[in-house]
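Everything below concerns the one structure shown next.
The values are calculated or read from the model by the stated rules, or taken from the named source; none is laboratory data. In this text the structure is predicted, and so the values were computed from the model without any measurement. Don't worry about glycine lacking a Cβ; one is built from the backbone with ideal geometry, like all the others, and counts go over all protein chains shown. All accessible areas refer to the heavy atoms of the entire protein, side chains included, with ligands and DNA or RNA removed. Shrake-Rupley method; radii C 1.70, N 1.55, O 1.52, S 1.80 Å.
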Amino acid sequence: MRGPRHGMLHGVERDYSLVLVVGEEDLLVDRAVADAVGTAREADPEADVHEVFGGSLAPGELAELAAPSLFGGRRVIVIRSAQDVAKGVLGEVTGYAKGLPPDVALVLVHAGGAKGKSLLDAVTQAGAHVITCPKVSKPSERVNFIRAEVRRAGGTITEDAARTLLDAVGNDLRELAGACGQLVSDTAGVVDGAAVARYHRGRAEVSGFTVADRAVEGRSADALEQLRWALTTGVSPVLITSALAQGLRSLSKVGSAPRNLRGPALARELGMPAWKVDRVRQQLRGWTGEGVARALKAVAEADAQVKGGGADPAYALERAIMEIAEARAFR
Amino acid sequence: MSVFDDLVGQEPAVRELRSAAASAAEVLRGGSGAGMTHAWLFTGPPGSGRSVAARAFAAALQCPDLGCGECDACRHVLAGTHADVEVVRPSGLSYGVKDSRDLVLRAGSRPSGGRWQVVCFEDADRATEQAANVLLKAIEEPAPRTVWLLCAPSPEDLVLTIRSRCRLVTLRTPPSAAVAEVLVRRDGIDTDMAAFAARAAQGHIGRARRLATDAEARRRREEVLRIPLSLDGIGACLSAAAQLVEAAEGETNAAAGELDAAETAELRRALGEREGGKGLPRGSAAVLRDLEERQKSRTTRMRRDALDRALLDLASFYRDVLIVQAGSGIDLANADKEEEIRGVASGAAPETTLRRLEAIMECRERLEANANPLLAVEAMTVSLQFH
Ligand SMILES: [Zn+2]
C-alpha cells in the first residue's frame, strides 16, 4: 500500500478503478496515468493494460477491451485524449464509467477544455477519482514544481537555489524534473545554490565542447545541430564561443609542439591528458597555422557580436561555425 | 604658485577657467557674476588632464584667492578631502540610476564652507542613459550654489540634452616637452628619464609619471614592445596574447585585493561588527553582497584599463613603424627601440602597418564592449602576423 490513494478516507476505502486525469501538462499527466496503472498492477501484477486514443475509439471496442480474458486477469483501459471521443461512442464510454465491470479499471485523460465537456461531467458525476494537471506556466509555479520535485526525490532545496536552477535549465518540466533527480542524487539531498551552479556548469561545458569538437573536425552539420540543441537547453552563447576558442587553442598548442615528442612525454610537455592529446592530433588533420588564425578571428567576431547585442547570438555562432569549416580547408 | 600649474600645455583652457572663477567669486560677493556657469564639461583625449583641470577649477572656486594652491581650501580640494567638493569616479563599468539619485540629493545640499557645492564627475560617459536623465534635471535647474563639473573624452560621449546645457572646456594632448618639464619640476625626475617617459607616454601625463617612477611599469612596457618581433607562428601569437592578458591581471589583482579588503573591513565595522567577526545585524549580508558586486565590477574595470595601457604601448610601436615608413622626420615615441622599429618597417608595406594598427584599435573597442579579453587579444595578435 502506498500513498494516500489507498488510505482510509472518512472511514471508507475509496475506489480507484475509475480515474479522470484532467489537464494539459504532459509530464504531470503521464505521471498520473502511470500512477493509476501502477495501482491496478499492485492489485494484480498480471493485469492487461490497453491504451487507446479517444478519437480512434470505435463502437464496441471498449466492450471488447473490457471483456474478461481467458485467464480472468484484471484489465486496465487508458483512454488518452478523451475529449476527442466520437459522439457515437460517447454513450458507451459513459455507460462503462457509471457501471464498471469488476476487475476493470478505466483511466480517462481529458484536456479539460470545452471540447468533450459532457464526457468530463458525466465521468466526474460517476464518482471518478479526479486528478488535475494544469499547465505550469508562471515562474512561481515552476519554482514550486522544482521544490516539489526535489522533495519527491527525497531531498530539499532552497527557494533561491530553485530559482537559479530554473534560470539555468529553462522552462521545460521534463528537463527540470531530470535536473532535480540528478541534483538530489549528486548532493545526498541538500540542494543549494552552489550545487546548482556546479551542475549547470558541468552540463554547459559538456555541450559547448561538443559543439567545438564537431566544428574543428570540420563536421559543420553536426556542429550546427549540437549548437541548436545547446542553445535551446539554455547554454549561454558566451560559453559556446569560449569552448570554440578553447578548441582552436588546443589545435595550436598540439600543432606547435616539438615534433620529436610522442605519447606521455608530449602530454607532459603540453600539460594535457594523453587522451586529449590523441583526440586533438586527430582533429589537427586539415589545419594550418594560418587556418587556425582565421578561425580564431571568426570566433572573436562572434563573441563581439554576442556581447554587442547587435546580432542574433544564434546567427553569430552559426556563422562562426561555418567560417571555422572554411578556415580548416584554407591552404 | 597656482592650482593651474599642473595643466601642462593648456593655456587657452586655463585662461577661461581663471576668469570663470573670478566671476564666481563676484557672485559670492553679491554681484551679477556674468560669465559664471553651473555646469561644465571637460573634454580631451586620454591623458590630456581632464580630471586634473576639473579638480583645479574646483579648488579655484573654493579658494578665497581663486586657486592659490597653498591655502587649506586648495590643499583639501587637491587631496580630495574638501567637504564641499565631491569627486565621483565610477569604479565599475557603468553608473546607474540609484547612484545618480543619491548624488543629486547630495549635490543639492548647502555648502558647509559657505562658497560652492561642487560635484566633479570623472568619466561621466560611464553614466547609463537613465542615470544621465536623472542628472539632467539637476543640471537644468541647479541649486543656486551648486556647480557640476563633468569629464568625458569627447562631447559626443554624453547625451545631447546634457551636453547642450554644459559649458565646454576642450583640452588637448600636451606636447611631450611640456610633460617632461612637469615631471622634472614637480616630481624631481631627472631630465633624461623625464624626456624618455614623456615621449613613450605620448602626452599622457599620468602614464609618463608612472613610467618614470615605477621600474615594474618600464619592465612591462619592454615586454609589450618585444611582441612585434616575437610573432613567428600561431603558437607565438597565442602565447603573446596569453602573456598580455596575464600581465594585466597580475598588475591589477594585488591592488584590487588590497582595496577590496580595506573597504570590506570598513563596511563591516560600520555595520556594527564586534571583535571576532560576530554581531552583524540582520540585512548585513545583502549590503555586503552589494559591495562585493561593485568590487568585482571595479576589478574588471581595472584589468581592462591595464590591458588597454599595454595595447596603447603596442600601438605606439606600430605608429613609429609608420613614421619610419613614411620617411617623416617626426620623433619616435619609442626612440629606445629604433632598431626594432626599423626592422619591422623594412619588412612590411605601410598598408600592412595600417591594418595592424586597425587590429589593435578594434581589439581595444571590443574590450571596452565587454568582449572575452583573451579571445579578443588573440584575434589581435594573429591579425598582426597573418593578414
Ligand atoms: Zn587657495
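How much length is gained on full extension from residue A:185 to residue A:117, taking 0.36 nm per residue of separation minus their Cα-Cα distance?
Working: separation 68, 0.36 × 68 = 24.48 nm, distance 4.23 nm.
Taking 0.36 nm per residue and subtracting the Cα distance, the gain is 20.2 nm.
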Problem - With Cα atoms, 0 to 90° folded angle of helix B:191-200 axis to chain B main axis - result: 80
Completion exercise
So the angle from the long Cα axis of helix B:50-62 to the longest Cα principal axis of chain B, reported in degrees to the nearest 10, equals 20
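To the nearest 0.05, what FRET efficiency results for residue B:5 and residue B:159 with a Förster distance of 41 Å applied to their C-beta separation?
Values: r = 34 Å, r/R0 = 0.82.
Calculated value: 0.75.
Counting only GluC sites (Glu not before Pro) that are in a DSSP loop and have at most 16 other C-beta atoms within 10 Å, tell me the longest site-free stretch of chain A.
Here the longest segment lacking exposed loop sites spans A:47-331.
Kindly identify the range B:139-225 as rounded, prolate or oblate by the Cα gyration tensor criterion: order the square roots of the eigenvalues as a ≥ b ≥ c, call it rounded if a/c is under 1.5, otherwise compare a/b with b/c, prolate if a/b is larger, else oblate.
Working: a/c = 3.09, a/b = 2.36, b/c = 1.31.
In terms of gyration-tensor shape, prolate.
Counting only protein heavy atoms and using a 1.4 Å probe, what share of the accessible area of the protein assembly as shown belongs to carbon plus sulfur, as a whole percent?
Details: 18120 of 34930 Å².
Result for the protein assembly as shown: 52 percent of the exposed heavy-atom area is carbon or sulfur.
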Fill in the blank from the handout: Descending accessible area (1.4 Å probe), largest on the left, turns B:148, A:287, A:229 into A:229, A:287, B:148
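Classify the range A:60-183: rounded, prolate or oblate, from the alpha-carbon gyration tensor (a ≥ b ≥ c, eigenvalue square roots; a/c under 1.5 rounded; otherwise prolate if a/b is larger than b/c)? Intermediate values should be presented prior to the final figure.
On the way: a/c = 3.31, a/b = 2.12, b/c = 1.56.
Here the range A:60-183 falls in the prolate category.
Based on the Cα coordinates of the range A:6-133, what is the per residue volume of their convex hull in Å³?
Numbers: hull volume 13.1 nm³, N = 128.
In the range A:6-133, the Cα hull volume divided by residue count equals 102 Å³.
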Practice task
Please compute how much accessible surface disappears when A pairs with B, both sides summed, using a 1.4 Å probe, and round it to the nearest 100 Å².
Solution key: 1400
Handout entry: Most mobile of B:234, B:189, B:341 in a GNM of chain B (Cα contacts under 10 Å)
Key = B:234
Handout entry: Only Lys, Arg (+1) and Asp, Glu (-1) charged, at Cβ; the range A:139-328 dipole about Cα centre in debye
Key = 720
Problem - For the range B:276-344, alpha-carbon Rg relative to the globular expectation (2.2 N^0.38 Å, N residues) - result: 2.14
Handout entry: Where Cα atoms sit under 25 Å apart: lysine pairs in chain A separated by 8 or more or lying on different chains
Key = 12
Handout entry: Surface accessible to a 1.4 Å probe, residue B:354 within the full protein complex, Å²
Key = 90
Exercise for the section: In nm, give the distance between the simple-model label positions of residue B:81 and residue A:87, each being 7 Å from the Cα along the Cα-to-Cβ direction. Expected result: 9.4
Problem - Nearest 10 degrees, 0 to 90: helix B:97-107 Cα axis against chain B principal axis - result: 50
Problem - 1.4 Å probe accessible area per residue over the range A:17-113, in Å² - result: 44
Exercise for the section: Starting from the Cα-Cα distance between residue B:129 and residue B:349, subtract it from 0.36 nm times their residue separation and give me the gain in nm to one decimal. Expected result: 74.9 nm
Practice task
Report the dimensions of chain B along its three principal axes from the alpha-carbon atoms, largest first, rounded to Å.
Solution key: 68, 55, 41
Practice task
Please name the residues of the range B:368-387 whose accessible area, counted over protein heavy atoms with a 1.4 angstrom probe, falls by no less than 10 Å² between the chain alone and the full protein assembly.
Solution key: B:369, B:370, B:371, B:372, B:374, B:375, B:378, B:379, B:382, B:383, B:386, B:387
Problem - Length-normalised contact order for chain A - Cα pairs under 8 Å, 6+ apart - percent - result: 13
Exercise for the section: Set the Förster distance to 45 Å, then compute FRET efficiency between residue A:229 and residue B:109 from the Cβ-Cβ distance, nearest 0.05. Expected result: 0.20
Fill in the blank from the handout: Residues of the range A:249-280 with backbone N under 18 Å of the label point set 7 Å from the Cα of residue B:232 along Cα→Cβ are A:253, A:255-260
Practice task
Residues in the range A:269-288, backbone N under 16 Å from the label point at residue A:260 (7 Å along the Cα-to-beta-carbon vector): list them, ranges by number please.
Solution key: A:269
Handout entry: Per-residue SASA entry for residue A:129, accessible area with 1.4 Å probe, Å² rounded to 10
Key = 30
Fill in the blank from the handout: Two pseudo-spin positions, 7 Å from Cα along C-beta at residue B:293 and at residue B:68, lie apart in nanometres by 4.7
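Taking 0.36 nm per intervening residue step and subtracting the Cα-Cα distance, what contour gain separates residue B:192 from residue B:338 on full extension? Please report the intermediate quantities before stating the final value.
On the way: separation 146, 0.36 × 146 = 52.56 nm, distance 1.69 nm.
Stretched out fully, the residue B:192 to residue B:338 stretch lengthens by 50.9 nm.
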Practice task
Please give the per residue accessible area of the range B:248-336, computed with a probe of 1.4 Å over protein heavy atoms only, in Å².
Solution key: 56
Problem - Loop-exposed trypsin sites (Lys or Arg not before Pro) per DSSP, neighbour cap 10 Cβ within 10 angstrom, longest uninterrupted part of chain B - result: B:30-273
Exercise for the section: Among B:114, B:133, B:82, flag the residue with its Cα farthest along the positive direction of the charge dipole of the range B:11-170, charges on Cβ as +1 for Lys/Arg and -1 for Asp/Glu. Expected result: B:114
Exercise for the section: Tell me the label-point distance for the pair residue B:246, residue A:132, using the 7 Å Cα-to-Cβ offset, in nm and rounded to one decimal. Expected result: 6.3
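In terms of the Cα gyration tensor, with a ≥ b ≥ c the square roots of its eigenvalues, is chain A rounded because a/c is under 1.5, prolate because a/b exceeds b/c, or oblate? It would help to have the intermediate numbers written out before the result.
Working: a/c = 2.76, a/b = 2.51, b/c = 1.10.
Prolate.
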Practice task
Show which lysines lie in cross-link reach of residue B:98 when reach means a straight Cα distance below 17 angstrom and same-chain residues fewer than eight apart are skipped.
Solution key: B:137
Handout entry: Residues along the range B:230-267 losing 40 Å² or more of accessible surface when the other protein chains are present rather than the chain by itself (probe 1.4 Å)
Key = B:234, B:238
